[in-house]
1. Consider residue B:9 against the criteria (1) facing chain A (nearest Cβ under 9 Å); (2) surrounded by fewer than 23 Cβ atoms within 10 Å (Cβ to Cβ); (3) farther than 25 Å from residue A:76 by Cβ: it satisfies all of them except one. Which criterion is unmet?
2. Quick one: in segment B:60-74, of everything that is at the interface with another protein chain (Cβ under 9 Å from one of its Cβ atoms) and touching a helix residue (DSSP H, G or I) at 6+ places or on another chain (Cβ under 8 Å), which residue is nearest to residue B:22 (Cα to Cα)?
3. Pick from A:178, A:111: which is surrounded by 18 or more Cβ atoms within 10 Å (Cβ to Cβ), modelled with pLDDT under 90 and at the interface with another protein chain (Cβ under 10 Å from one of its Cβ atoms)?
4. Considering each of A:363, A:351, A:359 in turn, give the residue that is under 30 Å from residue A:406 (Cβ atoms) and facing chain B (nearest Cβ under 7 Å).
5. Residue A:201 passes all but one of (1) out of contact with any strand residue (DSSP E or B) (no Cβ under 6 Å at 6 or more places or on another chain); (2) within 14 Å of chain B (Cβ to nearest Cβ); which number fails?
6. Go through segment B:290-307 residue by residue and tally those that are within 21 Å of the chain's Cα centre (by Cα) and either part of a loop (DSSP other than H, G, I, E, B) or more than 14 Å from chain A (Cβ to nearest Cβ) (or both).
7. Can we say residue B:30 is surrounded by fewer than 18 Cβ atoms within 10 Å (Cβ to Cβ) and either over 30 Å from residue A:256 (Cβ atoms) or within 7 Å of another protein chain (Cβ to nearest Cβ) (or both)?
8. Do you know which residues across segment B:112-137 are surrounded by fewer than 20 Cβ atoms within 10 Å (Cβ to Cβ), within 9 Å of chain A (Cβ to nearest Cβ) and part of a helix (DSSP H, G or I)?
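The values are calculated or read from the model by the stated rules, or taken from the named source; none is laboratory data. It should be emphasised that the depicted structure is a prediction, and the values quoted were computed from it without experimental measurement. Here the Cβ positions follow ideal geometry from the backbone for every residue, glycine too, while neighbour counts run over all protein chains shown.
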């Protein structure tokens, strides 16, 4: 309502103020003035009442006077001419016998902030400096500082400065402190008050007379003083020692700041001792009833810990979070707790932090989880246990943060990777946000060889890539798939192909597309180059085992002590900058690496066309090796003619299969690995053993079928599970991608598992339990056959471990 | 150095605005409000910056108390000053709320004028300020039957007049020369805040008791007051006094005006109280309690066959039988969307609050030695063994009048010179739960 009826109100107030009846009645007059101020502080522009208010100033009622001054000080700068009218009243008040009225007039005269009034103000100010009443001197001293800020370029009156210096010896402590303040402002260009030995000792001696605020001010000014001898320095320090334990936190902080500035260069041991001594009052401030004070103290505790790691280790319980504390305090406390962890308290701290992980506020839960992750750098086993337990909650936000924390942990502590890989299984369903999924993808990419389901998780991601919004997830997916492809080519090849195809052909985001093209060309350059680019470091090379931070010298942060700086730093900055950034570090191709061709659009099109035409996607130069994998040695150079792909079409009917199988060449029984070549070059039969766990035969047929189908191998017939001997018949077509000179082939296969019985007969392998694979191919193509066997073994391997 | 001070309501209304140095425009208020409302949960709000301008603020009484500064000032000083300013305004206005600030804006401007000049803190002492402050506080007094109950039949003193009404200390210090006719009173409050963590096995995992002796003085002049504490009061672990159960604290600090010459011998504090509220002594006890913690909880959590989570809470109050707790509230975190309950008495109530995702169980009165129980049935979608982990911890908030955990007592309170009969001295004890957490 004041906003709406602003003009009406102003009109009404003007009428009231100029009403002689109101002016005659002091109480009514005061209450009208009061209404003006009320309306003013509600934000209504009442500048129009200026002349009426000037008249209202001439009154004996001190309360009304004060109210009018509030008004005048707000609007004087808008009405410099009218303000001249007030000056007379003010100057008259300066002669008033009541010191309170004198100080009031003097203060408001200088508060008008009108350069045109300076000449009228100087004389009362000079008189004010010699006033009998301390309260007038206080105001007068600061008045000179205000005058100076009105005319910053005017010459400094040396007489005034001298007068102010001499008033440092004033009886009233507030006058003394105000002199310091005024001189600091007036002499700012010269670097503030000159603190010589006499002044410094005088200030130190009068310190106990000042109130808390004055003490802070004096201690602040003394920071500039440099004692002449070590003896003097120690005298000062022992004089100040009681203030270090002051119950008032500002005084304690100012004293500590002075200690640090006095001895941080020459005497680091003394400043460390001072820090230890100030620990108790600082801890008390951390438990203050005011959350803001708590926060300030916590930020400064963090500073202290930089130089004295583990300083408050035994007081760790003081940093446990309260039930109803605001989130920002809880998070600071956790950051401090992380620093305080040692062998004795780690159990308690982790137990406490674990309790915060399920906090209702996601921010707090997140902070707790990352705190556990940080502690995990020194105490990995206990922390991983907690983190793994949290994954069991299947809560979206918790899982996401846990996975991110695990990623950061693995980057710093490679020894944890084993347990992290185990924990990762199955958490992809709960992850919704892009940060968490990126972290998961990074882990899958880097440790794909140890997470058995990695290719299938990636495949699921690739299938949904169209609906994926975050570009970050897509680039991470690309990298992860590439990396998994390098260690488990057979299972990932098809997925990678589809992903590259999508990213190059359909993706709208340029970054993602460029990255896909980069990988695509990289694969052209050959698998070894790809490997050298992509398989970078799995952990931060700059860190050994990290226990605690090295202590920084105090001088590193002494300047920012007791300033706003430690409070301003957002909590994100300190924590994650140096260490927790494994992203893409290993990914950027080294500049020295010779990428095969400079990018040019025409080639671009050619390549994408090639990728499109065949469903196997890695057309490479003729020297490119064939689908490498951990089991196969690198094939002889020059033997391959492109990359191998498998396909299900054209389909075979059971009759056709039977016909082909029986009609093909026969392998000599019991000589696995041997290969009998028929006279006709067209056909070949290979027999091999694969070290697949027998659990495979327990797995239900549909599951195995699906697993094989994912690798583009069609199963034809099964024996039911748990029967011996257990057989599976299957087939596939091989195709060469790129400008390979060879045509497609058809591969038929039989898996045979005979249980333990056959092994005991003591065959060539010496009782190796496993699966016998018989494969027939026509027309003959040794390389294709090798590729097929790799794909098959990979598929069988994963489906057997997956089913256990 | 302070550029501006302003007080905003929680909705952003300008209540008080004072510019001390004319360096920054008035739009700083708007900038501040925009910034403070745009903060996300994990950003610390205390210090915010906008270009060269820094905002330091605290929240008290549902209001924002903001200081702006351009130079790099000490955060301890600014925060402490704001805290002191709030107590000062509370002293002068009687209470701290949007309403009282709105009603007393003239008084607050007057105070600010005296407290800060040119951005420098001049004084916050009521002794000095009382000479300058002329405006009287405006208070709104709701009509209350409790005021009448203090007057007995035919003006005889009733039992109740021996107990200070709880609102007695919430009046402005200046009104003594007004209507209340020189009613000079002094209140000495012993206030303790407990923060306790009790493990799921009932073991005390953390105890901190922070205590304060606060003096709130309405007397215009008082030369000296002697506060006698328990004789067996001891500080630190090594020092033990007396034979009985020692009253021990770990750390102790005093206001700088307190004279301690009789403290070592007789445990007497000597103060010259100035008007208004002051903290005379602060102390801290950590890691142990002289008596059992006031509340014990025996939780049982099960799943029933209908897919619900059954939470059976038994709460025992271990205080001496005469003591009673005023309105404790138990809250248990859980993510469940619906709740059914069985409570042991009809005047209690429990509800599920969505914003804190917790079940709140309010108990109007809980006498010492009593035991209460409640059964909550929670519908949890997709109940699994992991959902059990998500329940808890339990937080208790309570206020225990006439009780101190440490056992600190005030033996006597003497004023010198002996005041005329009108002066009244009150000693009050209260223990708050700062954070009383029980893990499940």
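1. Result: residue B:9 passes all but (1).
2. Of the residues in segment B:60-74, the ones at the interface with another protein chain (Cβ under 9 Å from one of its Cβ atoms) are B:60, B:69, B:72-74.
Retained after the next criterion (residues that are touching a helix residue (DSSP H, G or I) at 6+ places or on another chain (Cβ under 8 Å)): B:60, B:69, B:72, B:74.
Working: B:60: 26, B:69: 11, B:72: 17, B:74: 21 Å.
Checking each candidate, the answer is B:69.
3. Numbers: A:178 fails: modelled with pLDDT under 90.
Result of the check over A:178, A:111: A:111.
4. On the way: A:351 fails: facing chain B (nearest Cβ under 7 Å); A:359 fails: facing chain B (nearest Cβ under 7 Å).
On inspection, the qualifying residue turns out to be A:363.
5. (2)
6. 2
7. yes
8. B:128 - this is the single residue of segment B:112-137 that is surrounded by fewer than 20 Cβ atoms within 10 Å (Cβ to Cβ), within 9 Å of chain A (Cβ to nearest Cβ) and part of a helix (DSSP H, G or I).
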